[in-house]
Amino acid sequence: MAGNSQRRGAVRRTGSKKGAQVGSGGQRRRGLEGKGPTPKASDRPNHKAYTKPDRSSSRSKPGSGGRKKSGGSEIVAGRNPVIEALRADVPVSTMYVAGRVESDDRVREALTIAASRGLPVLETPRTELDRITDGATHQGLAIQVPPYEYAHPSDFVQVAGTDAPLVVALDGITDPRNLGAIIRSVAAFGGHGVVVPSRRSVGMTASAWKTSAGAAVRVPVAQASNLTRALEDYRKAGFFVVGLDMDGDVELPGLSLATEPLVVVVGSEGKGLSRLVRETCDQIVSIPMSSTVESLNAGMAVGVTMYEISRRRADA
């Protein structure tokens, strides 16, 4: 009887709240193991070397999903934005997953992509993820996009395999989707690079990466501290600079400079080319259109222009 009593007592102690239970919380933690390399200490919120995001650069509205710049890097928050970024091969330094996140197809796909790309996956307390994303609706999932490594405008002066480099420069364009579309057109029609100003201009964000549909991997983007000076340097190096504007000196089909080393400058849809940039151009080129359409956006205008230049170069 005593032996039976001891056995019953042992069972009661094992099954009590203080004892180990079958199927307890460790399963969710194990479910995230083996998904990628351990993140750097500076990316781990609970580590003393963790670098806090700089919220002063670009804040997301509380309760909204999307993106936020963080100390030169960018945070993409929310299940749909994260999965779209991963599908587009946007560079990722760390993926943050909330502890005990409720898994669905998007979370599972995100973890699968992260594992296949060898991305660091960090399980993060939900309150800490709230802080990292600056109050955005992250739904338990976020990624950190590292700062883009820009080329220098002079990198496009001499391009291997061609005597006529083709560069596109952006003047006053602030929509990252336009930048992504332009990069895609440059890649499709044999261009060699894109130049953006360092101030009051769009930069390489996650949205630009996604819109480029992977072309940003092949087409370098350079950043110029002064666009007008960069254009003048291209002219000194033997390039011709042409600007796109509806009030052009020549229509696109008559662009005789198409086969020369060329910089194509496109301005914003509303303001067009700035005065100094316009004065730096050798020619102003217009795209003939139906009178029912006032103008094309920057991405479309560059696509049409790049196709015509590519066609004329092929025939030369």
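Quick one: would you say Glu123 is over 20 Å from the mean Cα position of the chain (by Cα), in contact (Cβ under 8 Å) with a residue 60 or more places away in the chain and in a strand (DSSP E or B)?
For Glu123, the condition - over 20 Å from the mean Cα position of the chain (by Cα), in contact (Cβ under 8 Å) with a residue 60 or more places away in the chain and in a strand (DSSP E or B) - is met.
Which numbered condition in (1) closer than 18 Å to Arg229 by Cα; (2) in a helix (DSSP H, G or I); (3) not hydrophobic (A, V, I, L, M, F, W, C) is the only one that Arg184 fails?
Unmet condition: (1).
Need the failing condition index for Tyr234 against (1) modelled with pLDDT under 95; (2) out of contact with any Asp or Glu (no Cβ under 8 Å at 6 or more places or on another chain), just the number.
With respect to (1) modelled with pLDDT under 95; (2) out of contact with any Asp or Glu (no Cβ under 8 Å at 6 or more places or on another chain), Tyr234 is out only on (1).
Evaluate the following for Thr112: is it at negative phi, part of a helix (DSSP H, G or I), at pLDDT 90 or above and among the polar types (S, T, N, Q)?
Details: at negative phi: yes; part of a helix (DSSP H, G or I): yes; at pLDDT 90 or above: yes; among the polar types (S, T, N, Q): yes.
Spelling it out, Thr112 is indeed at negative phi, part of a helix (DSSP H, G or I), at pLDDT 90 or above and among the polar types (S, T, N, Q).
Just one of the numbered conditions (1) in contact with a Gly (Cβ under 9 Å, 6 or more places away or on another chain); (2) part of a helix (DSSP H, G or I); (3) open to solvent by 20 Å² or more (accessible area, probe 1.4 Å) is not true of Leu129; which one?
Condition not satisfied by Leu129: (3).
Residues checked against (1) crowded, with 20+ Cβ neighbours inside 10 Å; (2) farther than 30 Å from Ala98 by Cα; (3) without any contact (Cβ under 8 Å) to a residue 12 or more places away in the chain:
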position: Ile182; (1), (2), (3): yes, yes, no
position: Val186; (1), (2), (3): yes, yes, no
position: Gly190; (1), (2), (3): no, yes, no
position: Ala208; (1), (2), (3): yes, no, no
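Identify, please: which residue in segment 266-289 is assigned to a loop (DSSP other than H, G, I, E, B) and over 18 Å from Ile173 (Cα atoms) and is, among those, modelled with the lowest pLDDT?
Met289
Within segment 194-214, restricting attention to residues that are at pLDDT below 90 and in a helix (DSSP H, G or I), which residue is nearest to Pro147 (Cα to Cα)?
Of everything passing the filter in segment 194-214, Ala206 is nearest to Pro147 (Cα to Cα).
When the residues of segment 86-105 are narrowed to those that are part of a helix (DSSP H, G or I) and either in contact with a Phe, Trp or Tyr (Cβ under 9 Å, 6 or more places away or on another chain) or in contact (Cβ under 8 Å) with a residue 24 or more places away in the chain (or both), which ends up nearest to Pro147 (Cα to Cα)? First the steps, then the outcome.
First, pick out the residues of segment 86-105 that are part of a helix (DSSP H, G or I): 86-87, 105.
Checking which are either in contact with a Phe, Trp or Tyr (Cβ under 9 Å, 6 or more places away or on another chain) or in contact (Cβ under 8 Å) with a residue 24 or more places away in the chain (or both) leaves us with 86-87.
Numbers: Leu86: 16, Arg87: 19 Å.
Step by step, filter segment 86-105, then rank; the result is Leu86.
Checking the conditions here, which among Ser256, Ser274 is open to solvent by 30 Å² or more (accessible area, probe 1.4 Å), out of contact with any His (no Cβ under 7 Å at 6 or more places or on another chain) and touching a residue at least 60 places away in the same chain (Cβ under 8 Å)? I'd like the intermediate steps shown before the answer.
Working: Ser256 fails: touching a residue at least 60 places away in the same chain (Cβ under 8 Å).
Answer to the check: Ser274.
How many residues does segment 232-253 contain that are open to solvent by less than 10 Å² (accessible area, probe 1.4 Å) and assigned to a strand (DSSP E or B)?
Number of matching residues: 3.
Conditions tested, residue by residue: (1) buried (at least 17 other Cβ atoms within 10 Å of the Cβ); (2) touching a residue at least 40 places away in the same chain (Cβ under 8 Å); (3) under 16 Å from Phe240 (Cα atoms).
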residue: Gly270; (1), (2), (3): no, no, no
residue: Val285; (1), (2), (3): yes, yes, yes
residue: Val293; (1), (2), (3): no, no, no
residue: Ala298; (1), (2), (3): yes, yes, no
residue: Arg311; (1), (2), (3): no, no, no
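The values are calculated or read from the model by the stated rules, or taken from the named source; none is laboratory data. Because the structure is a prediction, the values reported are computed rather than measured. Virtual Cβ from ideal backbone geometry, glycine too; neighbours counted across all protein chains shown. The accessibility values were calculated without ligands, DNA or RNA, using every heavy atom of the protein model including side chains. Shrake-Rupley method; radii C 1.70, N 1.55, O 1.52, S 1.80 Å.
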